[in-house]
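The values are calculated or read from the model by the stated rules, or taken from the named source; none is laboratory data. On a predicted model such as this, the values are computed, not experimentally measured, just so you know. FYI the Cβ positions are ideal-geometry reconstructions off the backbone, even for glycines, and counts take in every protein chain you see.
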Amino acid sequence: MNEIIRTENLTKTYRLGETGVKALRGVSINISKGELVSIIGPSGSGKSTLMHLLGCLDTPTSGKYFLEGEDVSKLNDIQLANIRNKKIGFVFQMFNLLPHLTVLDNIILPVVYNAKSNLREAERKAMKLLESVGIEKRAKHLPAQLSGGERQRVAIVRALINDPLIVFADEPTGNLDSKTGLEIIKILKELNEEKGVTEIIVTHDPSITQFTHKIIHIRDGFIEKEIENGHVANAEEIKK
């Protein structure tokens, strides 16, 4: 597999008045194309900060971040926004769906910001993706009319609408019951297996790590250890 992400001694310090809070303290990792990776650690460990840097939502205080060989650690906000729109999809714990838009309109929203996109084609693609996760009949519903699991499926489809190279999932099962959470993990696993999408799941739940190729443990802003999973459960092995 080819390298898609490489970091060299990434640090991130947040300023609180005159006090500096070190969230990351020299993080170096490598992730290959097509890998399904879990980043796990306790609250305050730095895992969400790392995801924000890898997802080009923020920039490091020091160090380098190479995405497909390009050093993106020094890019400006406009350049980072362009990378996020073209190469990255996000799935958040709180779903982040706009309540006044239908499911279909929420999904194609990222396409609206691309002037060269064909909205009619985007709608057709969105419907196919909704069908693949089993909720195509919900396309005209509002988010409030959906269950938590259905809303997370919508968020996954929205993350895929621009054919991203990488999908970041931040605690994707955090607001779901265990059965629904497994259904969401199965969907993410199927996308990785069938479409080869690189996925990075940030979680505090150790049970999720059994479904990932690589496990990155982070604590106090440091990489504590990395584990290459021996037997990785596939989508068919995930309990329904």
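Yes or no: GLY34 over 19 Å from the mean Cα position of the chain (by Cα) and on the phi > 0 side of the Ramachandran plot? Judged against the criteria, GLY34 is not a match.
A single member of GLU183, GLU190, GLU150 is within 22 Å of ILE31 (Cβ to Cβ) and in contact with a helix residue (DSSP H, G or I) (Cβ under 7 Å, 6 or more places away or on another chain), and it is GLU190. Looking across the range 190-220, the residues that are in a loop (DSSP other than H, G, I, E, B) and either modelled with pLDDT of 95 or more or not hydrophobic (A, V, I, L, M, F, W, C) (or both) come down to GLY196, HIS204, ASP205, THR212, HIS213, ASP220. Annotation note: Cβ proximity below 8 Å between a residue of the range 21-37 that is over 15 Å from LEU53 (Cβ atoms) and hydroxyl-bearing (Ser, Thr, Tyr) and a residue that is part of a strand (DSSP E or B) and at pLDDT 95 or above (sequence gap 6+ or interchain) occurs for SER32/ILE4; SER32/THR198. Residues satisfying the criterion are absent from the range 178-189 (criterion: among the small types (Gly, Ala, Ser) and part of a loop (DSSP other than H, G, I, E, B)). Among residues of the range 58-72 that are in a strand (DSSP E or B), those with a beta-carbon under 7 Å from a residue that is of a type in the set (Lys, Arg) and surrounded by 15 or more Cβ atoms within 10 Å (Cβ to Cβ) at least six positions away or on a different chain give the pairs PHE66/ARG6; ASP71/LYS64.
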